[in-house]
Amino acid sequence: MMLYPRNLLPFFLFLVFVCFGTFSALAQEEDDDLDTEVVTVVKPYTPTISDAFKVKETPVLNDSVTTQKKAVEYSIFSVPVASTFTPAKGKAETVEKAKPMKLYDNYATLGFGNYTTILGELFSNFELSRTDQAGFFFRHNSAQGDIDGVLLENKFYNTSLDGYYNSRQQDLAYRIEAGVSHELYNWYGLPDARIPFTAETIAGIEPQQTYLGAQVGGMLSVEDSFFEKMTAKLQYVSDAFSSSEFRVSAQPQFQFPLSEFELKITGEVDYLTGSFERNYANTEALPYGILIAGVAPAWVYTNDDLTVALGAAAVVGLDTERSETDFFIYPRIQASYRLVDEILVAYAGADGGLRQNSFYQFKEDNPFVSPTLFIAPTNELVDGFVGLKGKLSNAVGYNVRGGYRSQENRALFQLNPYKGSSTSFEGYENGNSFGVVYDDINTFSLFGELQVQVSNDFSLGVNAEYQQYSTTNQAEAWNLPELQATLFSNFNVTEQIYAGASIFYVGQRFDLFQDTTGASGPPMTITLDGYVDANAHVGYKVNDRLNIFLKGSNLVGGNYQKWAQFPVQSIQGLLGATYKFDW
C-alpha cells in the first residue's frame, strides 16, 4: 500500500476532481440528446468538523532508561568577623523660631514740648479671672498757649479718666464703662483786625471756659438668642456758666433667622434734656428737651457674592418743651455685590434718621462755642451713596464713592456778633465765640481713597473728599470746607527705629462777622483760606519695655485759622517716652 505525504493528499484529490469534471463535460458535448433522469437523494450531505487534538505541554517520554537525579545538600560555614564601625546618631533639623513679642498689661507715657506742652497717659489692665477683665485709662494734654499776636489768654488743658469692666461667659458677654473729664479753654479769638481794642478793654475780658463731664454706659450681647445685643449710655456735661445737659440713649438689636433670609430689628430710644442760663441776646433762658424713639426692621439676604438689606425706620420725635410731636419714615437700604472676587465690589445704600444734636457734641466739634445755644435735632431725609471698592493687587486697595444728602435743620457754626466794649458783658460777647444757626442743606459729595501696603515695614495711604453744598436760607454753608484731603505713611527704618508722617489739607471756608454797634458797618463775610497741617513722628525702641519718641505738628508753620479769628500754635515739638510694665 502506497502512503502519500499529508501535504500532497489535498493536491492529488484536486487533480482527480478536475479530470472527472473535464471528462463529464466532454461526454455531454458528444451526446446532447440525453434522456431525462430522476435523481433520488437518499441522505443529505452533512458536513462535520474533525476533532482537534491539543498538543500536550508536557509530553510523555517512552525512554527505556530513566536517570535518577542526585540529591544535593547545602550548608553554611559561619565565621564571626570583628567590626569596628559605629554609626553616628541621627540629629533632627531645627527651625529658628521668632522670639514671641512680650505683651504687657500696662503702659505709661510722658512727654514735654514747646508752648509748655505736657502729655501724660497711663493705661492699666487687670486679669480678674479667665473670663473677666478690668482696667482704666488716664490722659492729660495741656499747653500754655503763647500764640503769636493773640491778646487774650490762650492756654488749654484736657484731662480725663475712664474705666471699664469686661466679662465674656459661655453664652453672653457684657462690658461696663464709666468716665469723668475736665476741660479748660479760652475765647481768645478777638476781632482785633476790625475793632480797636484798648488795653483797658482787653484787661477786663475774662475769656475762660471750663467743661465738666461724666458718663456711664455698657454693652450686652447674647449667643444663640433672638436678642442679639444692646448698648446703653448715660451722659452729663456742665460748664462754668451754669449750663447743664443730661442724655440717656439705648439701642437694642434683635435677629430672627428665616429659611433664606434674616429679619433684623433695631430699636432706638434717645432722650436729651438740658438748659442754658440765657440766650445770646440775654432775653430769656434756653431750656430744651427732646425725645427720639424709633424702630427699624430690615430683611437681610446673603450669599457668596451678594448682600442685601432692605428696611425702613419709623421714628417719633417729641419736643417736651414745646409739646410738639412729629412722625417720620426713613429708608434703611444697603447692598453690595462682588463683581470680580475681591478686585471689584459694587455697593450702594440709602439711609436717613432724626439726628440728635447736643451741647456735648457741639463743644467737642468746636470748644469755642458760647453757652447760649439753641438745641434742635436735624432731620436727615436721605443719605444715599453708591461706590466701588476692592484691590488692584495684594498690596493696593481702593475705594471710590459718590453720595447725595438732603438735610432739614442742619446745624452750622457761626461767629457770634460783637456787642461792644462793656464791663457788663461776658467774656464770650466780644465777637470771639461761636453760636449755632440752622438751615436746610443739600450736599453732593465725591470720595476717593487709596491704600498701599508696600511691605510689612512700609504703608502709604491717601484720601480726598469734595462736597458741594446748596443752602436754603443762609448765604453760605458756614465753616464747612468743600475739599479735604489726607496723606499718611508709616514705616520701620530698622527693627528699633520706626517713623510716620501725615499731611492734612482743609479747603476754603466762610464765616460771618456782625457788629451790633454798627461801627464796623453791615455784616461782612469772612473768607478763611485753606491750610496744610504736616505732622511727623519718629521713635526708638530701646528694648521691649521702653520707647523714646519725638513728635512734630504743624511743621509747615504759620498760624493758620481753623476757626475764624482763632489762630493755632505754629511749629510744635514734643519729646517723650513710653514705658510698658506689669504690676
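The values are calculated or read from the model by the stated rules, or taken from the named source; none is laboratory data. Quick caveat, the model's predicted, so the values are computed rather than measured. Note that each Cβ is placed from the backbone with ideal geometry, even for glycine, and that neighbours are counted across all protein chains shown.
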Subset of the range 184-196 [of a type outside the set (Phe, Trp, Tyr) and in a strand (DSSP E or B)]: 184, 186
Condition met for residue 161 (part of a strand (DSSP E or B), free of Cβ contacts under 8 Å to residues at least 40 places away in the same chain and more than 22 Å from residue 561 (Cα to Cα)): yes
Test: residue in the range 319-328 that is of a type in the set (A, V, I, L, M, F, W, C), over 30 Å from residue 452 (Cβ atoms) and touching a residue at least 24 places away in the same chain (Cβ under 8 Å): yes
Test: residue in the range 498-518 that is free of Cβ contacts under 8 Å to residues at least 24 places away in the same chain and under 19 Å from residue 195 (Cα atoms): yes
Residues within the range 520-544 that are over 30 Å from residue 473 (Cα atoms) and either over 30 Å from the mean Cα position of the chain (by Cα) or in a strand (DSSP E or B) (or both), tallied: 12
Selection status of residue 517, over 20 Å from the mean Cα position of the chain (by Cα) and loosely packed, with under 15 Cβ neighbours inside 10 Å: yes
Flag for residue 475 being within 25 Å of residue 188 (Cα to Cα) and surrounded by fewer than 16 Cβ atoms within 10 Å (Cβ to Cβ): no
Qualifying residue in the range 232-245 (condition: touching a residue at least 12 places away in the same chain (Cβ under 8 Å), of a type outside the set (A, V, I, L, M, F, W, C), more than 30 Å from residue 430 (Cα to Cα) and loosely packed, with under 14 Cβ neighbours inside 10 Å): no
Matching residues, the range 197-242, being in a strand (DSSP E or B) and farther than 24 Å from residue 362 by Cα: 219, 220, 221, 222, 227, 228, 229, 230
Evaluation of residue 542 against (1) closer than 13 Å to residue 498 by Cβ; (2) surrounded by 15 or more Cβ atoms within 10 Å (Cβ to Cβ) (one fails), failing number: (2)
Residue check, residue 146 more than 30 Å from residue 224 (Cβ to Cβ), modelled with pLDDT under 95 and exposed (fewer than 15 other Cβ atoms within 10 Å of the Cβ): yes
Number of the exception - residue 342 against (1) touching a Lys or Arg at 6+ places or on another chain (Cβ under 7 Å); (2) closer than 17 Å to residue 443 by Cβ; (3) surrounded by fewer than 18 Cβ atoms within 10 Å (Cβ to Cβ); (4) among the charged types (D, E, K, R): (2)
Qualifying residues in the range 164-183 (those that are in contact (Cβ under 8 Å) with a residue 40 or more places away in the chain and in a strand (DSSP E or B)) - the one surrounded by the most Cβ atoms within 10 Å (Cβ to Cβ): 183
Of all residues making up the range 376-393, the number that are in a loop (DSSP other than H, G, I, E, B) and basic (Lys, Arg): 0
Any chance residue 405 is surrounded by 16 or more Cβ atoms within 10 Å (Cβ to Cβ), under 16 Å from residue 356 (Cα atoms) and basic (Lys, Arg): no
Lone unmet requirement of (1) crowded, with 16+ Cβ neighbours inside 10 Å; (2) modelled with pLDDT of 95 or more; (3) farther than 24 Å from residue 328 by Cα; (4) not hydrophobic (A, V, I, L, M, F, W, C) for residue 421: (2)
Residue within the range 340-358 that is among the aliphatic types (A, V, I, L, M) and out of contact with any strand residue (DSSP E or B) (no Cβ under 6 Å at 6 or more places or on another chain) present: yes
